[in-house]
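Heads up, the thing below is written out as structure tokens.
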Amino acid sequence: MKILVTGGCGYIGSHTVVELLDENYEVVIVDNLCNSKKDVVDKIKTITGKDVKFYEEDVCDKKALQKIFKENKIDAVIHFAGLKAVGESVAEPLRYYRNNLDSTLTLLEIMAEHKCYKIVFSSSATVYGAPKSLPIKEDFPLHTTNPYGSTKLMIEQILKDLYIADSNWSIAILRYFNPIGAHASGLIGENPNGIPNNLMPYIIKVATKELPYLNVFGNNYDTKDGTGVRDYIHVVDLAKGHLKAIDKVIKDKGVDCYNLGTGKGYSVLEIVKTFEKVNNIKIDYKITEARPGDIAACYADPTYAKDKLNWEATLDIKKMCEDSYNYAKKQK
Ligand code: NAD
Ligand code: UFG
């Protein structure tokens, strides 16, 4: 079975490629390296001892995709390629709409041309906006607050319309909660350029003394300790969810959405304390203003994915903090 992984050099994509290779899938990666590095391909080979075919191409490039589909008999696609920074999407909406929508439309057109109708798509819990209650179920109302989130919601709609038009399609839409952690080897992980926007990459920079302290965005939320609560999920658990989604799209036609989260919410201060404890390191922090647009709490009801995909997260928050730091130390 041959799987095309778009964005396979990125954070979640690279971990998913490792799991696919471990399960003896053949993998073809297409990535334009706009937010990743080519050496990830070698690291994947080192971890798995297996070969992976890599195309450095843009998924918006129809000719390049044609070539990939002609040279490889692709059975199914996992589509990670996309831009993902919320703040950047507010500043540069056209770049976000162009990249995320164009890449998806081009990919879907070429897939249909080659009669490849099985796709797993990376959506996000951001499509729930500010949820009416917790935990979040898949049938909650959808609402976005920034262009990044809107691209995800629009693509979900495109995929649903596609199935209505042609019932040959098998589509799994995965709504990720907050992925953190890294592969236990410490060879692959998340390494954003510049000052990180997300919590764990920021904590890491404080741990490695590249930044002096963490800004905790607000402590007046209606949560256990006043700081924001999220459903952090180990990236390896998340990657394994994609293999279950592949099983599903290979077996059944249709289109469906699944929350990939643990179902547990942790506050910013709980993450800081756990990180400090498991890694035996002090993380200095200051309480600052709440970040505009942030919600108080967000965590999944992961029951549907358990029932339909036979998947659930198994790695705990300690392992997430340990593996995140292990990867960071190996980058030094
Ligand atoms: P990432 O930036 O590490 O990986 C995305 C990869 O796609 C990168 O390697 C980038 O070079 C590539 N890419 C982007 N546009 C491309 C294009 N036009 N052609 C070819 N390659 C392209 O991001 P990630 O964290 O691994 O996220 C993967 C997917 O999951 C994204 O679609 C993202 O929106 C989604 N997602 C991520 C999170 C998160 O917190 N990390 C949460 C929810 C959803
Ligand atoms: N936080 C801080 N300080 C920081 C960074 C974050 O206190 O320096 C807090 C935030 O206020 C929030 C929590 O840590 O309470 C998590 O923030 P992240 O930025 O790590 O994650 P978000 O939940 O805000 O957003 C992430 C992705 C989005 C995605 C969303 C839902 O960045 O793309 O999860 O999946 F849409």
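Structure notes:
- Calculated from backbone phi, Karplus (6.51, -1.76, 1.60) coupling profile of the stretch 102-112 in Hz, x at Gly/Pro: 4, 4, 5, 5, 4, 4, 5, 4, 5, 4, 4
- Rounded to 5, percent antiparallel among DSSP beta bridges of the chain: 5 percent
- Principal axes of the stretch 144-183: Cα extent on each, largest first, Å: 38, 28, 10
- Remark: for residue pairs K45/K137; K70/K137; K2/K306, the C-alpha separation exceeds 28 Å in K45/K137; K70/K137.
- Tensor-based shape of the stretch 252-300 (alpha-carbon gyration tensor, a/c under 1.5 rounded, otherwise prolate or oblate): oblate
- Packing, as the average of other Cβ atoms within 10 Å across residues, places the peptides 85-92, 277-284, 238-245 in the order 238-245, 85-92, 277-284, highest first.
- When you count the other C-beta atoms within 10 angstrom of each residue and take the mean per peptide, 131-143, 40-52, 6-18 line up highest first as 6-18, 40-52, 131-143.
- Derived from the Cα gyration tensor, the three semi-axes of the equivalent ellipsoid of the chain are 31, 23, 18 Å, largest first.
- Probe 1.4 Å, all protein chains present, accessible-area order of T145, T274, largest first: T145, T274
- Compared with the dominant Cα axis of the chain, that is its longest principal axis, helix 39-48 is turned about 90°.
- FRET efficiency for the pair N220 and I281, taken as 1/(1 + (r/R0)^6) with r the Cβ-Cβ distance and R0 = 35 Å, rounds to 0.80.
- Across the protein chains, with a 1.4 Å probe defining accessible surface, the residues R291, R230 rank R291, R230 from largest area downward.
- About the centre of its Cα atoms, the stretch 278-332 shows a dipole size close to 360 debye [charges on the beta carbon of Lys, Arg (+1) and Asp, Glu (-1) only; nearest 20 debye].
- The angle between the Cα long axis of helix 235-251 and the main principal axis of the chain comes to about 30°, on a 0 to 90 degree scale.
- Available extension along the chain between D75 and N168 is 32.1 nm, counting 0.36 nm per residue and deducting the alpha carbon span.
- Note, ³J(HN,Hα) from phi for the stretch 73-79, Karplus 6.51, -1.76, 1.60, rounded to Hz, x at Gly and Pro: 8, 7, 8, 7, 10, 10, 9
- Between the amide H of I233 and those of N178, I180, distances stay under 5 Å, these residues lying 5 or more places away or on another chain, with hydrogens modeled in the peptide plane.
- Furthest towards positive pole of dipole, P192, P212, N146, structure part the chain, Cβ charges: P212
- Axis of helix 147-165 versus longest Cα principal axis of the chain: the two differ by about 30°, to the nearest ten degrees.
- Over the stretch 222-332, all Cα pairs binned in 5 Å intervals from 0 give whole-percent P(r) values of 2, 11, 17, 18, 17, 15, 11, 6, 3, 1, 0, listed from short to long.
- Per residue, the Cα convex hull of the stretch 59-188 amounts to 144 Å³.
- Seen through its C-alpha gyration tensor, with square-root eigenvalues sorted a ≥ b ≥ c, the stretch 30-70 comes out oblate because a/c lies at 1.5 or above while a/b is not bigger than b/c.
- For the stretch 288-332, taking Cα atoms only, Rg and Dmax work out to 16.1, 42 Å respectively.
- In order along the stretch 315-324, the Karplus-derived 3J(HN,Hα) couplings, from 6.51 cos²θ - 1.76 cosθ + 1.60 at θ = phi - 60°, round to 8, 8, 5, 5, 5, 4, 5, 5, 5, 4 Hz, and Gly and Pro are given as x.
- Accessible surface ranking that places the most exposed of E312, E190 first, with a 1.4 angstrom probe: E312, E190
The values are calculated or read from the model by the stated rules, or taken from the named source; none is laboratory data. Just so it is clear, the structure is predicted and the values come from calculations on it, not from any experiment. Virtual Cβ from ideal backbone geometry, glycine too; neighbours counted across all protein chains shown. What goes into the accessible areas is simple: the full protein's heavy atoms, side chains included, and nothing from ligands, DNA or RNA. Shrake-Rupley method; radii C 1.70, N 1.55, O 1.52, S 1.80 Å.
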